[in-house]
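In what follows, a structure is listed as structure tokens, so that the remarks can point back to it.
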Amino acid sequence: MGVANTAEASLQEVINWARKNSVWPVTFGLACCALEMMVASSATYDIARFGAEVFRPSPRQADLMIVAGTVTKKMAPMLKRIYEQMPEPKWVIAYGSCASSGGIFQTYGVVQGVDQIIPVDVYVPGCPPRPEGLLKGLISLQEKIAREPSGMRKIVSLPWRSNG
Amino acid sequence: MVRCMACDLLKEKFPEAVRGVEEFRGETTVTVDKGQLRAVLKFLKESETLLYDLLVDVAGVDSGSGSPRFKVVYLLHSMKFNHRLRIATGVAEDAELDTVSDIWKAADWLEREVYDMFGIRFSDHPDLRRILLTDDFVGYPLRKDFPLKGVDFDKPFPVCLEEEKGNQVDA
């Protein structure tokens, strides 16, 4: 039993290592923060160094949603639909103060934080945050992924576990 | 003072509709009667000598008090002569305004925006519903009596997608 547990833990470590180094974001920008996100994939900041340069045009092929910008109440259903269309495992970065808390827009048209709609893994403060902010957020997310225990995710887990 | 050919023509053709002509820094504003607004705008667009073929914007103004309470302002531009003209008309709180969306296609969404923000209704509009805000929004945010931040803006905002509704378990 001990041996099996150790083997499983090791395998989970390998899976986490693979996942954290190929986090593919979905191409999704809502406001000015999206420009900083684009700059993060430029040669100067080069998000490819962390394996996250493959911005997918379809949520079906993406692991990470970077909510970059103001989430209006009109946009909220579309945002949630894109999130639901992403396959597990999936993560969310709330990029900038608007996505984190509504930011300066304390008003009737803006969702006061995207965490009211979808679960958020990492919050990046700033208005807008610099591209380094996104890289730091991504590194934090990678550290979080590396700590994921075996069997935490119901849909994708090791084949011999019964919860799959 | 710049001579305004459109003003002269309007005064000549619609003497009882033109309520006033204002000139400020080369910009001309003609206030017209609400009932004749459609005819005036149609004339401005179709007249060969004026040809205001581009509707740049339709804006609403809420004066708070005063009578009539609202103003609707049409910004016109003639592509051929490069002339600009502002047409304003007063609207009472419960009154309707004739649509011009069949004269300029652009007016369709612009009038929807005015309706969305001020609650001014346009009669015979093909599809008069909210355009910027959610369909279930209550109130008209650019009215003077609407609170600046809105009501309960910071309350949780749950989103239930159409396709999720069947999956919900009744509590």
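Go through segment B:25-33 residue by residue and turn each phi into a ³J(HN,Hα) via Karplus (6.51, -1.76, 1.60, θ = phi - 60°); whole Hz please, and just put x for glycine and proline.
Per residue, the Karplus-derived 3J(HN,Hα) values read 6, x, 9, 9, 10, 10, 8, 10, 6 Hz.
Take the alpha-carbon centre of segment A:38-58, take the same for segment B:38-52, and report the distance between them in whole Å.
53 Å
Pairs of Cα atoms under 8 Å, at least six residues apart: use those to get the relative contact order of segment B:58-171, whole percent. Intermediate values should be presented prior to the final figure.
Values: 147 pairs, mean separation 21.4, N = 114.
Relative contact order of segment B:58-171: 19 percent.
Within segment A:35-164, what percent of beta bridges assigned by DSSP are antiparallel, to the nearest 5?
10 percent
I'd like the mean, over residues of A:106-116, of how many other protein chain beta carbons sit within 10 Å of each residue's own Cβ. List each step's numbers first, then the result.
On the way: counts 5, 6, 15, 7, 3, 4, 5, 3, 0, 0, 5.
For this peptide, the per-residue mean of nearby foreign Cβ atoms is 5.
Return a single number: how many Lys pairs in segment B:22-171, at a sequence separation of 8 or more or on separate chains, have alpha-carbon atoms below 25 angstrom apart.
17
If we count every other residue with Cβ under 13 angstrom of A:GLY51's Cβ, Lys/Arg +1 and Asp/Glu -1, where does the sum land?
With Lys, Arg at +1 and Asp, Glu at -1, the neighbours total 0.
Taking a cut-off of 22 Å, what percent of all Cα-Cα pairs in chain A are separated by more than that? Walk me through the numbers before you get to the answer.
Details: 5816 of 13366 pairs.
Across chain A, Cα pairs with separations above 22 Å total 44 percent.
Could you work out the helix-only [θ] at 222 nm for chain B, with each DSSP H run of four or more residues adding -39,500 (n - 2.57) and the total divided by the number of residues, to the nearest 500 deg cm²/dmol?
That calculation yields -5500 deg cm²/dmol at 222 nm.
Remind me, relative contact order of chain A in percent, using alpha carbon pairs under 8 angstrom and six or more residues apart? Working shown, then result.
Values: 281 pairs, mean separation 38.2, N = 164.
23 percent.
So what is the 222 nm mean residue ellipticity for chain A from helices alone, if each DSSP H run of at least 4 adds -39500 (n - 2.57) and you divide by all residues, rounding to the nearest 500 deg cm²/dmol?
Rounded to the nearest 500, it is -11000 deg cm²/dmol.
So what's the gap between the Cα centers of segment A:85-124 and segment B:72-125, to the nearest angstrom?
37 Å
Straight-line reach from A:LYS144: which lysines fall under 19 Å, measuring Cα to Cα and dropping same-chain residues less than 8 apart?
The reachable lysines, counting only those whose Cα sits under 19 Å from A:LYS144, are A:LYS20, A:LYS90, A:LYS136, A:LYS154.
Taking only protein heavy atoms into account and a 1.4 Å probe, give the accessible area per residue of the protein assembly as shown in Å².
That works out to 54 Å² for each residue.
Taking the mean number of other Cβ atoms within 10 Å as a proxy for protection, how do you rank B:56-69, B:100-113, B:141-154 from highest to lowest? It would help to have the intermediate numbers written out before the result.
Values: B:56-69: 14.9, B:100-113: 18.4, B:141-154: 13.4.
Order by mean packing, descending: B:100-113, B:56-69, B:141-154.
What list of ³J(HN,Hα) couplings, whole Hz, do you get for segment A:117-122 from phi and the Karplus terms 6.51, -1.76, 1.60, once you set θ to phi - 60° and write x for glycine and proline?
In residue order, the calculated couplings are 10, 10, x, 10, 8, 10 Hz.
Per residue of segment A:102-107, in order, report the coupling 6.51 cos²θ - 1.76 cosθ + 1.60 (Karplus, θ = phi - 60°) as ³J(HN,Hα) in whole Hz, putting x for Gly and Pro.
Rounded to whole hertz, the list is x, x, 6, 8, 7, 8.
Using the Cα gyration tensor of segment A:5-98, with a ≥ b ≥ c the square roots of its eigenvalues, what is the shape: rounded (a/c below 1.5), prolate (a/b larger than b/c) or oblate (neither)?
oblate
Determine the shielding of peptide B:147-155 by partner chains: average, over its residues, the number of Cβ atoms on other chains within 10 angstrom of each Cβ.
4
Computed on protein heavy atoms with a 1.4 Å probe, what is the summed buried accessible area for the chain pair A and B, in Å² to the nearest 100?
Roughly 1500 Å² of accessible surface disappears when A and B pair.
As an exercise, identify the trypsin sites (Lys or Arg not before Pro) in segment B:2-47 lying in DSSP coil whose Cβ has no more than 16 other Cβ atoms within 10 Å.
On the way: sites: B:ARG3, B:LYS11, B:LYS13, B:ARG19, B:ARG25, B:LYS34, B:ARG38, B:LYS42, B:LYS45; in loops: B:ARG3, B:ARG25.
Within segment B:2-47, the qualifying trypsin sites (Lys or Arg not before Pro) (loop, at most 16 other Cβ atoms within 10 Å) are B:ARG3, B:ARG25.
Unpartnered cysteines of chain B (Cβ-Cβ under 4.7 Å counts as a partner)?
B:CYS160
Just tell me how shielded A:32-44 is by partners: mean number of partner chain Cβ atoms within 10 Å of each residue's Cβ, no decimals.
Across the residues of A:32-44, the mean count of other-chain Cβ atoms within 10 Å is 0.
The values are calculated or read from the model by the stated rules, or taken from the named source; none is laboratory data. Since this is a predicted model, take the numbers as computed values, not measurements. With ideal geometry, Cβ positions are generated from the backbone for all residues, glycine too; neighbour counts draw on all protein chains shown. These area figures cover heavy atoms from the full protein model, side chains too; ligands, DNA and RNA do not enter into them. Shrake-Rupley method; radii C 1.70, N 1.55, O 1.52, S 1.80 Å.
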